[in-house]
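To start, the structure under review is shown below, and the notes come after it.
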Amino acid sequence: MTEPLLAVENLCVDFATRSGPVRVLNDVSFTLAPGETLGIVGESGCGKSMTSLAVMGLVPRPNGRIASGRILFRGEDLVRAPARRMRQIRGAAISMIFQEPMTSLNPIFTVGRQIAEAIRLHEDVSKAEVRNRVVDVLGRVGIPDPARRADEYPHQLSGGMRQRVMIAMALVCRPQILIADEPTTALDVTVQAQILDLILRLQQEENTAVILISHDMGVISQVSDRVMVMYAGRAIEKGPCRDVVEASAHPYTRGLIACIPDIDRTERMAESDRLPTIPGIVPDLRALGETCAFAPRCALADAACEAWKVAPIRLDDAHVAACRKAARGIVA
Amino acid sequence: MTDGDAILRVRDLTVHFDTGTRDAEGKPRVVHAVDGVSFDIRRGSTLGIIGESGCGKSTTALAAMRLVAGARGRIDLGGVDLGGLEGEALRRQRHRFQIIFQDPYSSLNPRQRVGSLIRTPMALQDQGTPETRDRRVDELLDLVGLRPETRHLFPHQFSGGQRQRIGIARALATNPDLIVCDEPVSALDVAIQAQILNLMKDLQAELGLTYLFISHDMGVIGYMCHEVAVMYLGVFVETGDTRAILAAPAHPYTRALLSAIPRVDPVNRSLMAATRLSGDPPSPVNPAPGCRFAARCPHAVDRCRTERPALRPVTLGGMERSVACHFAGEI
Amino acid sequence: MARDPAFHPPKSPFVEAMAIFLGNRAAMAGLIILAVVILASLIGPSLYGVDPKATVNAPFLPPMEDVASPMGTDYIGRDVLAGILSGGPATIMIGTSAALVAVLIGITLGALAGYYGGLIDTILMRFTEFFQVLPALLFAMVLMTLFTPSLRVTIIGIGLVMWPPTARLARAEFMKLRNMDYVRAERAMGARDRRIIWRVILPNAMPPLIAAAALVVGVSILFEAGLSFLGLGDPNIRSWGEMIGSNRDYIFDCPWAVFFPGIAIFLTVLGVSLVGDGLNDAMNPRFRER
């Protein structure tokens, strides 16, 4: 394996609330190699978006703070990097696409001007050169007639086109890491397929590493090289996409996949069959300790699980799961 | 989809909104949100309407509920034409058709306690006495998997899934003949979504409910619906038995929609190889003549751009369904 | 079926709002100021026992010169402190009543315009704009001169010039809330318009309206002071504004006779505004924990 481009080590993020601090990210570690796609999947509030914000140095202030851990970008610890250095990195070496293409673009400027702004923040280039690059990048993200579109305002574009503009803006400085936080959630499925295809094609052209965050196991399984599953602020399973999806070691991962009404599977179901479910609801983060947060909802949990201090269990070189029973092969 | 056993018969449902503006030729710009839609739902079954945002599926649901102004067409619910009723006469029928909304946060009045929320439809429709209503509230809470004590709480004290259970209990309160479900699980996480879908199916089996189920998610439709109507820009392009359509979609749009679904399958990455549609759906303002899908259809010929195809019966794989395509069964 | 184990004790939105309000320092300061003003107005006159309308001392007596008149006297020897203590109830009464008139008119017209929209909205809003473009003070002056100045005329006059902003706010709230799913749900359940407007939307629209009403009280007090200053108030009622107005010509000879009522008005309006802002924060769901 090549030297990791990004290595997140034991990252913990705390959030101050009225009822005291809450640990929203707990001991999260992962690596990302150049050209690789890491999928982060989980339900709302599991910490997947907070992970990306932490990497971008955008943990919301003043309530949020990185309590411990390191974020190593090519060996440089971003947790300790000064604000000026983070501004250099953000949008240039590491850039991000957000979920909502409606609100992520400023409605009062043309899209061309907003992309130009992204270039000028990081590079000292002539006006003509900036214009050339804007038109070029709009063409690369599949916007027809890019020279004309560059002079249009966000409201003149459809949702899919706006998301293409966001991608153009993220890619214009040729980042080494692209973080896509639910990039297709606000889009229709036929447009989603176009956008995912675009992200992967550009990734191959530039050898960009991608962190794709999604609640949709289908999307994750279709595009990721490796997958990290999160639950209640922890990474509970990670490994190669195929292992995590087809040979899930953590009961939560299996539950998450099983409860999706997949058309290939429901076709074979009888009228009286029901979807498998995970009973209960996601726990209150304030009430969690060092034990398994999933145990109260887990069908396999026993008394020993309730007392077990959560630790990653290594199944092979690449596949890790934070389940006590994963180690003994009770789960499989 | 005509059936002697149908509880709901909708004919030529049309909703046009005048934007109040005019196009270059001086013609008024009219949004054809729903353009002549007809369907039947058998008692105790579920009809799904699937489509992408802006296709008119939610407007169809709200029009069937008589909640949009300016809707035209026949809405025959068990022999009463709701489309022809107004004011007090319509109000008196409302106990027979109820709705579950998409957003569990905005669909419950934040200032009403749960008990009062569920009691309201019964009180408004003069069903029962105050005592029987209270008993019914407890019964309904139990039915949707909430403890009767929770009737004293306010909506914001519940999670999204629990709020949706409250919404379901409220829709059930008056024992309606028809429940319209407008994207009832789209705002929920998958694990909670599965719980709610199972609950809705259990309730249907137990109480013989009839659902009109709106969704953008083919997986959810496939699980919930006996029959499905695929909607594109205000019209149905394909209707019929859900399994038959999922197994062998006949309309090019249905095919594109199905191939665009990201399956949970890390080996066979069909999404990237799929026959993909280019572009976004065109605007429903003053749609062109011809087939609504012609602009994005890989098979479109001149005829498609001039002549609008009607829904017609097509037999595919031994199952009959209706398809609005000139070349259904041939391409 | 899954059952959630969490069961919190019932807590109404009102109780929650109160907790936030009580934790707001500025609002509590405002509440204390108001409490002092009201208490002084209620028991002050009987404790102090000086007739505010009678000449009790030498005119133009500066404050602290004579212990009998700690705030001095005005141009005809009336006691300033007695005037302040007895002017409180009149001032506050005029302010709140005028605000009540303004808010009732504003909410009714705004609710109907916002809920029904269309032609009703257009007509009501043109009507509102007509009132809004009238110079408020001039309009009130015309009303006061047309009728014999009395308490009732003052209140109605101020109420009539104060309602348009409330109507606009109520209209905006109703337009926003009428499209909420829970309002649609009420229609689907067969609720009549009257119920939806007054029992469903209005309670949800109240928080910003209550906060705005508190500010209207403050502005009404100022307005009354302005009218009295111009000599258009009821001369038989000694409000703070009237005190300032009647001493207007002697402002350089006995500034204290104007200064102290001015301070009283300032403190009262400040208190009302702080409480209004506090109510706005407390009842705004954005500040609440989910």
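The values are calculated or read from the model by the stated rules, or taken from the named source; none is laboratory data. Keep in mind that this is a model prediction, so the values were computed, not measured. In this analysis, Cβ positions are derived from the backbone assuming ideal geometry, glycine residues included, and neighbour counts consider all displayed protein chains.
Among the residues of the stretch C:120-129, are any at negative phi, assigned to a helix (DSSP H, G or I), in contact with a Gly (Cβ under 7 Å, 6 or more places away or on another chain) and not acidic (Asp, Glu)?
no
When only residues in the stretch B:1-51 that are part of a loop (DSSP other than H, G, I, E, B) and basic (Lys, Arg) count, which is nearest to B:Arg292 (Cα to Cα)?
Here the answer is B:Lys27.
Determine whether A:Val172 is away from chain B (no Cβ under 14 Å), at pLDDT below 90 and either at positive phi or surrounded by 18 or more Cβ atoms within 10 Å (Cβ to Cβ) (or both).
So A:Val172 fits the description; yes.
How about the stretch B:189-211: which of its residues are more than 9 Å from every other protein chain (Cβ to nearest Cβ) and either at negative phi or aliphatic (A, V, I, L, M) (or both)?
B:Ile196, B:Met200, B:Leu203, B:Gln204, B:Glu206, B:Leu207, B:Leu209, B:Thr210, B:Tyr211 - these are the residues of the stretch B:189-211 that are more than 9 Å from every other protein chain (Cβ to nearest Cβ) and either at negative phi or aliphatic (A, V, I, L, M) (or both).
Which residues, counting only those in the stretch B:234-254, are within 14 Å of chain A (Cβ to nearest Cβ), more than 16 Å from B:Ser45 (Cβ to Cβ), touching a residue at least 60 places away in the same chain (Cβ under 8 Å) and surrounded by 24 or more Cβ atoms within 10 Å (Cβ to Cβ)?
The answer is B:Val237, B:His251, B:Pro252.
When you look at B:Tyr232, is it among the aromatic types (Phe, Trp, Tyr) and within 14 Å of the chain's Cα centre (by Cα), yes or no?
So B:Tyr232 passes the test.
Is there a residue being modelled with pLDDT of 90 or more and assigned to a strand (DSSP E or B) anywhere in the stretch B:278-285?
No, the conditions are met nowhere in the stretch B:278-285.
Could you check the stretch B:94-124 and list, in sequence order, the residues that are more than 8 Å from every other protein chain (Cβ to nearest Cβ), assigned to a helix (DSSP H, G or I) and crowded, with 18+ Cβ neighbours inside 10 Å?
B:Val114, B:Gly115, B:Leu117, B:Ile118, B:Arg119, B:Met122
If you go through the stretch C:168-202 one residue at a time, how many are outside any helix (DSSP H, G or I) and either under 19 Å from C:Thr108 (Cβ atoms) or within 8 Å of chain B (Cβ to nearest Cβ) (or both)?
Matching residues across the stretch C:168-202 total 6.
When you check B:Ala250 against the structure, is it of a type in the set (A, V, I, L, M) and farther than 23 Å from B:Met319 by Cα, yes or no?
Spelling it out, it is not the case that B:Ala250 is of a type in the set (A, V, I, L, M) and farther than 23 Å from B:Met319 by Cα.
Within the stretch C:65-102, which residues are surrounded by 23 or more Cβ atoms within 10 Å (Cβ to Cβ) and closer than 29 Å to C:Pro203 by Cα?
C:Ile94, C:Gly95, C:Ala98, C:Ala99, C:Ala102, listed by residue number.
Need at least 3 residues that are more than 7 Å from every other protein chain (Cβ to nearest Cβ) and not small (Gly, Ala, Ser) per element, so show me which helices (runs of 4 or more DSSP H) inside the stretch A:231-284 make the cut, counting only ones lying wholly within it.
A:251-258
Residue by residue, here is whether (1) at pLDDT 90 or above; (2) acidic (Asp, Glu); (3) touching a strand residue (DSSP E or B) at 6+ places or on another chain (Cβ under 9 Å); (4) under 30 Å from A:Asn207 (Cα atoms) holds:
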position: A:Ile220; (1), (2), (3), (4): yes, no, yes, yes
position: A:Ser224; (1), (2), (3), (4): yes, no, yes, yes
position: A:Ala249; (1), (2), (3), (4): yes, no, yes, no
position: A:Leu256; (1), (2), (3), (4): yes, no, yes, no
position: A:Pro261; (1), (2), (3), (4): yes, no, no, no
position: A:Ala270; (1), (2), (3), (4): no, no, no, no
position: A:Arg286; (1), (2), (3), (4): no, no, yes, no
position: A:Glu290; (1), (2), (3), (4): no, yes, yes, no
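Only strands (runs of 3 or more DSSP E) wholly contained in the stretch A:1-110 count here; list those with 2 or more residues that are within 14 Å of chain B (Cβ to nearest Cβ) and surrounded by 13 or more Cβ atoms within 10 Å (Cβ to Cβ).
By residue number, A:37-41.
Looking for something within 14 Å of chain A (Cβ to nearest Cβ), at pLDDT below 95 and under 27 Å from B:Ile41 (Cβ atoms) - is there at least one such residue anywhere in the stretch B:144-154?
Scanning the stretch B:144-154 turns up at least one residue that is within 14 Å of chain A (Cβ to nearest Cβ), at pLDDT below 95 and under 27 Å from B:Ile41 (Cβ atoms).
Limited to the stretch B:194-251, what total is found for residues that are in contact with a helix residue (DSSP H, G or I) (Cβ under 7 Å, 6 or more places away or on another chain) and outside any helix (DSSP H, G or I)?
Of the residues in the stretch B:194-251, 16 are in contact with a helix residue (DSSP H, G or I) (Cβ under 7 Å, 6 or more places away or on another chain) and outside any helix (DSSP H, G or I).
When you scan the stretch B:64-93, how many residues do you find that are within 11 Å of chain C (Cβ to nearest Cβ), under 26 Å from B:Glu139 (Cβ atoms) and either touching a Lys or Arg at 6+ places or on another chain (Cβ under 8 Å) or surrounded by fewer than 20 Cβ atoms within 10 Å (Cβ to Cβ) (or both)?
Looking only at that region, the number is 3.
Can you pull out the residues in the stretch A:218-232 that are over 26 Å from A:Ala193 (Cα atoms) and either among the acidic types (Asp, Glu) or crowded, with 24+ Cβ neighbours inside 10 Å (or both)?
The one that is over 26 Å from A:Ala193 (Cα atoms) and either among the acidic types (Asp, Glu) or crowded, with 24+ Cβ neighbours inside 10 Å (or both): A:Tyr231.
Give the number of residues within the stretch B:70-89 that are in a helix (DSSP H, G or I) and over 21 Å from the mean Cα position of the chain (by Cα).
Adding up the residues that qualify gives 4.
Please go through the stretch C:236-256 and pick out each residue that is touching a residue at least 24 places away in the same chain (Cβ under 8 Å), assigned to a loop (DSSP other than H, G, I, E, B) and more than 15 Å from C:Ser150 (Cβ to Cβ).
Hits for the stretch C:236-256 are C:Asn247, C:Asp253, C:Cys254.
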